[in-house]
Structure formats: C-alpha cells, structure tokens
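Here the structure is laid out as structure tokens; the discussion comes afterwards.
Nothing in this text is a laboratory measurement; each read-out follows from the coordinates by a stated rule. Quantities reported herein were computed from a predicted structural model and do not represent experimental measurements. A quick note on method: Cβ atoms are made from the backbone with ideal geometry, for glycine too, and the neighbour counts reach across all protein chains shown.
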Amino acid sequence: MKARMQNSSSSAALLKQEFLKKWINGLQTYTNTKKEMTILDRKNAIKLSADIAIASTRNFSTNWSRAVMADVSKNVDGSSKIVTEKILGRKETCIIKCSKNIMRKSRLLAHRRRAIRRTIGRTSVKAASAIAKELVKKRTRVLKRLVPGGKQMNEICLIKETLDYIASLQVQVDVMRNIANAADHQCLDSTERSLL
Amino acid sequence: MSSRRSRSRQSSGASRISDDQIADLVSRLQQLIPEIRNRRSDKVSASKVLQETCNYIRSLHREVDDLSDRLSELLESTDSDSAQAAIIRSLLM
C-alpha cells in the first residue's frame, strides 16, 4: 500500500512538471505573438494554455482529452492554433483534425446504440429501487454534460473518464494555485523593495 | 455470430456484470472526492457519489477560472518579462 502511494505521488509530481512545462510554453507563445493584450485576453490565454497543456498530458489516450482538443481546434483563432502546435507539435495538431471525424463517428454509433436500447421494453413499476435508478440516471446526465466528450459515452466509460478527468483537474488546479501564490509573494517582495 | 451473442448478453446477464463494474468504479470515485472521503462512511449511495462528483468538478472548473483571473491580474501589474522570470525562478527553487 505504501509503495503504491509513493508511486502515485511521484507520478503525480511528474505529471505536474509536464503540465507546468507545457503550460508555460503555451503562455510564452502567446506573449510572443500578441504584444498588446487586455486583461481578459490574458486571462483567456492563461486558461486556454492550461487546458491544452493538461489535456496533452494524456497523449490522446482518453476521450475527455481528445474532446478538449477537438473543442479547442473548433474555436481556433490564429494564436491558439500556434499555441496548440507549440505544445503538441505539428503532427499531433493534424491528429486533432482527424479525431474530429472519430468523434462524429462515435456520436453516430452512440445514437444507434441508444435506438436499440429503447426498443428493448421497459416496465413502469415505481418501486423504491426504480426511483433510485431514476435519480442515478438524472445525475449521470448532469455528469455527462460536465465531462468533455461525455455525451457519447456509456455509463462505464463515463465513470472511468471521470476518474481520469478529476485527477487531471486536480493537477491543473494544484500547479496553477502554487504559481499564483508564488507570484503573489514575488509581487509583494518587489513592492516592498521599491518602497525601501 | 459473436454480435448476436453479445446482443443477447446485453439484455440479461450483462446487466449483472456491469452492475458490479459500476459499483467498483463508483467506489473509486468515492476515494477521489474529498467531500465523501473525509466523511468516513462506507455506505454512500451511487446517486450521492454522482452528485458530489458533479459538484466537485464544477468547483474545480470555477477554481481554474478564478486562478486564471488572478494570474492575469498579477501578470498585468508587473512588467511581463520580469514577472514570468520571477515566477519561473520561484518554481525551480
């Protein structure tokens, strides 16, 4: 048990480093391409770079990361495309375009699967277990909306993706929080120095 | 042939198999969510786990957004080159 925990903490540290490197790379690309940025521009750049960076740590192995990349390439303006290429490399950016077709195909498959399930009959007995099932179904629907690409997954896939997605979000938040706190300290230090 | 077999499995026995799988995955979700993990009760219903999962994901999204706001304000207030350099320096230490 201890060995597993140590392994998971060292792999989490590696993940954080990878995320950090990619995130900063993306940020620097932004500041190099756009000299004049409003606060809102900057905030969107920070958030977008962070999302691309954390999704790319998955190496296209999960549905949610592919969905994030597909969304990014959809709303792409020139600079975010450059950021994506910087973080992933040109080859992988082409893979994103291909993955959009994959997403379309899986959407069709999911639609067909749902049609088959509907034709298998349903009883309408309102036992307590049925009510519990309704609740689970309702909550599952909400979860599908929250996890990127969730709408095309079955329940088991959805929960597996959620596990990975939450772990990645935790890494993202941890690193961003550490940087924000460090930057806070730096700013305080430099203002103190300027007052002396 | 195999597709016919899997389709019949889907309507009867598969539901039992996938229930176990789902229960295992739900318990793993339980471990990940601090709300539930700290409550130390073994029996949490699936719908409760799902609800807390959604709340947790929403709060993580919100935190990423807030941190992006905070960082953009910080980078705005100081010279961007020196701020980035200072941040990177403080990270490597």
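Students often get this wrong, so check it: of A:K47/A:K74; A:K16/A:K138; A:K21/A:K151; A:K16/A:K43, which have C-alpha atoms separated by over 24 Å?
A:K16/A:K138; A:K21/A:K151
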Quiz item: Hey, what do the phi angles of segment A:130-139 turn into as Karplus ³J(HN,Hα) couplings, whole Hz, using 6.51/-1.76/1.60 and θ = phi - 60°, x for Gly and Pro?
Solution: 5, 5, 4, 4, 4, 4, 4, 4, 4, 5
Exercise. Go ahead and run the numbers for FRET between A:L40 and B:Q31, Cβ-Cβ distance against an R0 of 30 Å, rounding to 0.05.
Key: 0.20
Exercise. At 0.36 nm per residue, minus the direct Cα-Cα distance, what do A:N181 and A:K138 gain on full extension? Give it in nm, one decimal, please.
Key: 11.7 nm
Self-check item: Local electrostatic count at A:P148 - Lys and Arg +1, Asp and Glu -1, tallied over other residues with Cβ under 11 Å
Solution: +1
